[in-house]
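The values are calculated or read from the model by the stated rules, or taken from the named source; none is laboratory data. Everything numeric here is computed off the predicted structure, so don't read it as measured data. Here the Cβ positions follow ideal geometry from the backbone for every residue, glycine too, while neighbour counts run over all protein chains shown.
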Amino acid sequence: MSYFPEVAERVPFEGKASKNPLAFRHYAAAKVVGGKSMAEHLRFAVCYWHTFKGTGADPFGVGTMIRPWESAEDPMRRARDTMDAAFEFMGKLGVDYWCFHDRDIAPEGTDFATSTANLQTMVEYAAEKQASTGIQLLWGTANLFSHPRYQSGAATNPDPQVFAYAAAQVKRALEATQELGGLGYTFWGGREGYDTMLNTDMKREREQLAKFLFIAVEHAKKIGFKGQFYIEPKPKEPTTHQYDSSAESCLNFLREFHLMDYLKLNLETNHATLAGHHMVHEMRVAGDAGVLGSVDANTGDELIGWDTDQFPTNLYLTTQIMMEILKMGGFTTGGLNFDAKVRRQSHEPIDLMYAHIGGMDAFARGLEIAWAILADGRLGDHVRERYADWETEFGRKILEGYKSLDDLEDHVLRHGEPTRKSGRQEFLENLINEFIL
Ligand code: XUL
Ligand code: CO
């Protein structure tokens, strides 16, 4: 049975002139850009939750999606059919990686032991699928936010029984990730935050969260899991105040609790914009601290103030993201995970294909543009030139701590008013467009 019969074997690369909506115009996996293939640079992953389990429900209406793989009565039959659809889709699309939550791939049972058995069955099935397709697991995670038991948080719950349940779930999800050779494991805070301070002991909750991460790190050491741990910043949704609200707040948290050696950041574009930042800001914050690990590739709607998780199609955005990735020397364990969902009105399975093809093409083109801008060198030269005076003896002495307020006042009295220099924003915007247009 085929769930995506419109694509016979593989979405082909047909080049820029193609009018075929089921072909790539820019993404050619083996095409070399700056010494590495596009596939090696971009490391695309498909996310299981939105792509195969997303229903299209929103706060005003029920699901709209037509998903033939969800039609069986028995939940485990549905889980197997869904995995068949997933690997057919990913194989035809030609991505190298996937990502999942425990409860995406296997249904929650009547008790914890049954849920674990369901997960184990599906992990074994996924292992077969990975072996036959060569598709690898970029990262796994546990869903610690959907079930009512997590209504007041998982690690940050006021009840230690819930903390224990979440920890048990992480243990199993981590072991599943290890069994599938996962390159990483992500912690997204889900409901780790609060809605009102009236009922919240924030200090205690943050300490609980740090302890939770430590326990997971300890378990990884115990079982020999060598993958990279990530924490994924998001400022709101579902709770009003999330403890991992932005890259900077995550860094503060990791530093405060001495977790910097164990976790990197998995940054998501729509989370950045909800935090009031551009994605490039979040990437630079993480990159400068040496913890830029992976990217959830999506985008938000500029006019809707919630996490719409749309597919990225904007070349300006993909160019900026790829410039940051190239500047850090490329991904190591991470990749570009399409944590994105098709719109509620795009309810047919084929819409998933169009969405991913568009996202992959936008990133492939963004990669080429980013590489050309960096190779050209004018942008980098401009920034270096702007700060060049800090490399003079005077600038260096300030930074090295040899100048007091007395010295600096003396300097101003001798040299007078500084000469202003233009920031040249418009000039630089035109420079970027020279490569995009
Ligand atoms: C939620 C989100 C999650 C995480 C994994 O906004 O991005 O899908 O990526 O739990
Ligand atoms: Co995400």
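Structural remarks
- Enumeration of residues in the range 294-316 that are free of Cβ contacts under 8 Å to residues at least 60 places away in the same chain and away from ligand 1 (no atom under 13 Å from the Cβ): D301, E302, L303, I304, G305, F311, P312, T313, N314
- Note on the range 254-274: residues that are away from ligand 1 (no atom under 11 Å from the Cβ) and not basic (K, R) total 12.
- Test for F163: is it over 21 Å from E70 (Cβ atoms) and surrounded by fewer than 19 Cβ atoms within 10 Å (Cβ to Cβ): no
- So V280, is it in the same structural domain as G54 (by TED's automatic domain parsing) and within 16 Å of ligand 1 (Cβ to nearest atom): no
- A single member of A127, A155 is of a type outside the set (D, E, K, R), surrounded by 14 or more Cβ atoms within 10 Å (Cβ to Cβ) and within 16 Å of ligand 1 (Cβ to nearest atom), and it is A155.
- Qualifying positions in the range 320-332 - buried (at least 19 other Cβ atoms within 10 Å of the Cβ), of a type in the set (A, V, I, L, M, F, W, C) and closer than 13 Å to V291 by Cα: I325, F331
- Flag set for A39, criterion: closer than 25 Å to T318 by Cβ, in a helix (DSSP H, G or I), at pLDDT 95 or above and among the small types (G, A, S).
- Tallying residues that are under 28 Å from I66 (Cα atoms), assigned to a loop (DSSP other than H, G, I, E, B) and not β-branched (V, I, T) within the range 1-26 yields 16.
- When the range 295-332 is limited to residues that are assigned to a loop (DSSP other than H, G, I, E, B) and of a type in the set (D, E), the one that is farthest from ligand 2 (Cβ to nearest atom) turns out to be E302.
- Qualifying residues in the range 184-214 (those that are assigned to a loop (DSSP other than H, G, I, E, B), within 16 Å of ligand 2 (Cβ to nearest atom) and at negative phi) - the one surrounded by the most Cβ atoms within 10 Å (Cβ to Cβ): E192
- Matching entry among L374, L352 (being part of a helix (DSSP H, G or I) and either on the phi > 0 side of the Ramachandran plot or touching a Lys or Arg at 6+ places or on another chain (Cβ under 8 Å) (or both)): L374
- Considering the conditions (1) within 16 Å of ligand 2 (Cβ to nearest atom); (2) surrounded by 18 or more Cβ atoms within 10 Å (Cβ to Cβ); (3) over 15 Å from the mean Cα position of the chain (by Cα), G335 is excluded by exactly one of them, (3).
- Among (1) more than 29 Å from D201 (Cβ to Cβ); (2) more than 16 Å from ligand 2 (Cβ to nearest atom); (3) not hydrophobic (A, V, I, L, M, F, W, C) - the single one Q228 does not satisfy: (2)
- For the range 48-59, the criterion of being surrounded by 18 or more Cβ atoms within 10 Å (Cβ to Cβ) and without any contact (Cβ under 8 Å) to a residue 40 or more places away in the chain is met by none of the residues.
- Looking across F52, F89, F100, F112, one residue alone is of a type in the set (A, V, I, L, M, F, W, C) and more than 30 Å from A166 (Cβ to Cβ). It is F89.
- Some residue of the range 248-267 being within 16 Å of ligand 2 (Cβ to nearest atom), surrounded by 19 or more Cβ atoms within 10 Å (Cβ to Cβ) and assigned to a helix (DSSP H, G or I): yes
- In the set (1) away from ligand 1 (no atom under 16 Å from the Cβ); (2) closer than 26 Å to Q151 by Cα, the condition left unmet by Q178 is number (2).
- Flag not set for A168, criterion: in contact (Cβ under 8 Å) with a residue 60 or more places away in the chain and aliphatic (A, V, I, L, M).
- Check on G395, at pLDDT below 95 and not assigned by TED's automatic domain parsing to the domain that holds C47: no
- Some residue of the range 351-370 being at pLDDT 95 or above, over 14 Å from the mean Cα position of the chain (by Cα) and among the hydroxyl-bearing types (S, T, Y): yes
- Those residues of the range 392-411 which are loosely packed, with under 11 Cβ neighbours inside 10 Å and not hydroxyl-bearing (S, T, Y), in sequence order: E393, L399, E400, G401, L405, D406, E409
- Of all residues assigned to the range 276-290, none qualifies as being crowded, with 24+ Cβ neighbours inside 10 Å, part of a loop (DSSP other than H, G, I, E, B) and within 15 Å of ligand 2 (Cβ to nearest atom).
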